[in-house]
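Undergrad: Next up is a structure, given as structure tokens.
The values are calculated or read from the model by the stated rules, or taken from the named source; none is laboratory data. What you see is a predicted model, and the numbers here were worked out from it, not measured in a lab. Because the Cβ atoms are built from the backbone with ideal geometry, glycine has one as well, and the counts that use them run over all protein chains shown. Just so you know, the surface numbers come from the protein's heavy atoms only, side chains and all, with ligands and any DNA or RNA stripped out. Shrake-Rupley method; radii C 1.70, N 1.55, O 1.52, S 1.80 Å.
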Amino acid sequence: KAATAEHSYTFAGWDATIVEATADVTYTATFTESVRKYTVSFETDGGSAVAAQEVTYGTSAAAIYAENMRPTKAGYTFDGWYFNDAKVEETDMVQGDMTLTAKWTANTDTAYNFVVYAENLAGEFVEYATIAKTGTTDSEASLGQADLAAIPEGYELDEQNAGNVFSG
């Protein structure tokens, strides 16, 4: 018997004992039916690892959304699992092997620290300020003129020096 997406079949035997035929006789094959199992794999796009799961046909994606199936990624919020660019809803059913991909939203409150150094008359660079900022993960962060107002007395900012970096 041919397998379907939902079931596989294993030959279990004949419906009657096979004996030496003395006339036409019909035997019918019997099969054991079992629900097929599929592998759901996870691509976390830089997030924490999530182990593949073996699930039976028709398993609800709600099982995939169990707490231990939610990866983490520094600076990002997990936005859900996607299959072929469509978000997997908790009511979706597994109908075959599949790889789900994590989608992420960049956090807007990521902490950044700018460490500011000054070169003294002896040519040494000394740390004189750490400026804490917040911004969106993986976006450019910059220092403004107000941040640079704390330049120590006796120093001046050389804005033409290519070694000065005001953003990153």
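Undergrad: Hey, in the GNM for the chain with a 10 angstrom Cα cutoff, which one of D109, D147, D79 fluctuates hardest?
TA: In the Gaussian network model the winner is D147.
Undergrad: Sticking with this structure for a sec: How large is ³J(HN,Hα) for each residue in region 4-9, as worked out from phi by the Karplus curve 6.51 cos²θ - 1.76 cosθ + 1.60 (θ = phi - 60°), to whole Hz, x for Gly and Pro?
TA: 10, 4, 8, 10, 10, 10
Undergrad: I would also like to ask the following. How many lysine pairs are close in the chain, with Cα atoms under 22 Å apart and the two 8 or more places apart or on different chains?
TA: 5
Undergrad: Rounded to the nearest percent, how much of the accessible area of region 1-93 (1.4 Å probe, protein heavy atoms only) is carbon and sulfur?
TA: 49 percent
Undergrad: Using +1 at the Cβ of each Lys and Arg and -1 at the Cβ of each Asp and Glu in the chain, identify which of N84, Y57, F125 lies farthest towards the dipole's positive end.
TA: Sorting the options by dipole projection puts first Y57.
Undergrad: In addition: What are the ³J(HN,Hα) values, in whole Hz, obtained from phi via the Karplus relation 6.51 cos²θ - 1.76 cosθ + 1.60 with θ = phi - 60°, for each residue of region 41-46 in sequence order, with x given for Gly and Pro?
TA: 9, 10, 10, 8, 6, x
Undergrad: Identify which of F78, F11, F114 has the largest mean-square fluctuation in a Gaussian network model of the chain, with springs joining Cα atoms closer than 10 Å.
TA: Its mean-square fluctuation being the largest, the pick is F11.
Undergrad: For Y76, what residues show an amide H to amide H distance below 5 Å, using hydrogens built from the backbone and excluding near sequence neighbours?
TA: Correct list: N107.
Undergrad: Please identify, among D85, D15, D138, the residue showing maximal mean-square fluctuation in a Gaussian network model of the chain using a 10 angstrom Cα cutoff.
TA: Ranking D85, D15, D138 by mean-square fluctuation puts D15 first.
Undergrad: Each residue of region 126-133 in order: what ³J(HN,Hα) in whole Hz does its phi give by Karplus 6.51 cos²θ - 1.76 cosθ + 1.60, θ = phi - 60°, with x for Gly and Pro?
TA: 10, 6, 10, 7, 10, 10, 8, 9
Undergrad: Collect residues whose amide H, placed 1.01 Å from N in the peptide plane, falls under 5 Å from the amide H of A141; neighbours closer than 5 in sequence don't count.
TA: G168
Undergrad: Mind listing the long-range amide H neighbours of A129? Cut-off is under 5 Å, sequence gap 5 or more, other chains count too, H placed in the peptide plane at 1.01 Å from N.
TA: Excluding prolines and chain starts, which carry no amide H, the hits are V116.
Undergrad: At most 15 other C-beta atoms within 10 Å and a DSSP loop state: those are the exposed GluC sites (Glu not before Pro) I care about. Give me the longest piece of the chain that has none.
TA: 21-88
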